[in-house]
Amino acid sequence: MTVNAPSRRDLAGEAGRPLEPNRASRPHQRGARGPRESVISRSAAMLVMGVFTVYFLLPIFWLLVSSTKTATNFNTTFALWFSASSLQDVVTNLGQLFTYQGGIYLRWMANSIAYAAVAGLIGTVLSAMCGYALAKYRFRGREALFNLFLGGVLVPATALALPLFLIFSQADLTDTFWSVFLPSIVSPFGVYLSRLFAASSVPDEIIEAARIDGSGEVRTFFTVAVRLMSPALVTIFLFQFVAIWNNFFLPLVMLRDSSLFPVTLGLYTWNSNVSQYPDLRTLVLIGSFLSIIPLLIAFLSLQRFWRSGLGAGGLK
């Protein structure tokens, strides 16, 4: 006859007290919670972020405040706060801005939108197609061609202005819309970024499946690859849009007709005459503030594509 030994649970029940769990099985409470950051480090991080935020936003706030002042009270009021008649003054400044020289400021804004938006969109499509071809097709000289694009990234845009002027002068295209538009659609950095993103986000299996289903190469690119590369394409477009919008030296070299000026070059010509015509200072300030609004709109309207692309990548 075999007698079973009493278990630990029975012994604990007989003693009338709960069984103490194994000491080795209990997790270390401080280690489970994780290290807590100190108040000093958190305060230091918040202080650094606050200083940099003020550093970046203070010039924009000064530009906003200055654009609401007339030439009379520009030097007589506090530089970082509005005057008593700011609302009335901003209406007056806008009226003068839109009517000065026959409303040429609106023409400059339209030129900048045409240069930046249209050329940026075309440049983004061309960069995506080149980067996709370099990433997914195997052909002789592919790496040499890609290294050539990398070399183009290292060349500053200002160094290319004079050679481009000589080329367009031979084609009799200087002082035309195309002398600024055509160079703006080329982006070596966009090709570089497109190749990296196409290689990592467009699987070869999806492309092969599309080919088996009878899809052509162009249709596969626009229906499959473009959707997978959309976060990179938005990034390329924003880089192109900002670079073309802020481009100053190329229009300065190429253009002589003021009706073809972008807003950057137009405001520069006004600012050059402030010493002779002091009233132009107010127009330059409010015109500069209005010129950054399209950049803010482009960023705020396209940032959701970044969030969707990051979310899709996290689910994968």
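The values are calculated or read from the model by the stated rules, or taken from the named source; none is laboratory data. Just so it is clear, the model here is predicted, and its values are computed rather than measured. Heads up, the Cβs are rebuilt from the backbone with ideal geometry, glycines too, and the neighbour counts pull from every protein chain shown.
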>> Every residue in the range 268-304 that is within 16 Å of the chain's Cα centre (by Cα), assigned to a helix (DSSP H, G or I) and either hydrophobic (A, V, I, L, M, F, W, C) or surrounded by fewer than 17 Cβ atoms within 10 Å (Cβ to Cβ) (or both), please.
In response: Ile293, Leu295, Leu296, Ile297, Ala298, Phe299, Leu300, Ser301, Leu302, Gln303, Arg304
>> I want to confirm something. Restricting to the range 250-267 and keeping residues that are of a type outside the set (A, V, I, L, M), under 15 Å from Gln101 (Cβ atoms) and part of a helix (DSSP H, G or I), which single residue is nearest to the chain's Cα centre (by Cα)?
In response: Gly266
>> Suppose the filter is β-branched (Val, Ile, Thr), within 23 Å of Ile293 (Cβ to Cβ) and surrounded by 17 or more Cβ atoms within 10 Å (Cβ to Cβ); does Val118 pass it?
In response: no
> Given the conditions (1) closer than 30 Å to Tyr268 by Cα; (2) in a helix (DSSP H, G or I); (3) not aliphatic (A, V, I, L, M), and given that Asn247 satisfies all but one, which numbered condition is not satisfied?
Replying inline: (2)
>> Let me spell it out: the conditions are (1) over 30 Å from Leu228 (Cβ atoms); (2) surrounded by fewer than 13 Cβ atoms within 10 Å (Cβ to Cβ); (3) more than 25 Å from the chain's Cα centre (by Cα), and Ala110 meets all of them except one. Which number is the exception?
In response: (3)
> Which of the residues that make up the range 204-246 are within 18 Å of Ala119 (Cα to Cα) and of a type in the set (A, V, I, L, M)?
Replying inline: Ala232, Leu233, Val234, Ile236, Leu238, Val242, Ala243, Ile244
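Which one is nearest to Ala159 (Cα to Cα) among residues in the range 233-265 that are aromatic (Phe, Trp, Tyr) and crowded, with 19+ Cβ neighbours inside 10 Å?
Out of the qualifying residues, it is Trp245.
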> When you look at Ser215, is it among the polar types (S, T, N, Q), outside any helix (DSSP H, G or I), modelled with pLDDT under 90 and more than 15 Å from the chain's Cα centre (by Cα), yes or no?
Replying inline: yes
> Can we say Thr176 is assigned to a loop (DSSP other than H, G, I, E, B), within 24 Å of Ala243 (Cα to Cα), of a type outside the set (Asp, Glu) and out of contact with any Lys or Arg (no Cβ under 7 Å at 6 or more places or on another chain)?
Replying inline: yes
> Exactly one of (1) out of contact with any Phe, Trp or Tyr (no Cβ under 8 Å at 6 or more places or on another chain); (2) assigned to a helix (DSSP H, G or I); (3) surrounded by fewer than 18 Cβ atoms within 10 Å (Cβ to Cβ) is unmet by Phe82. Its number?
Replying inline: (2)
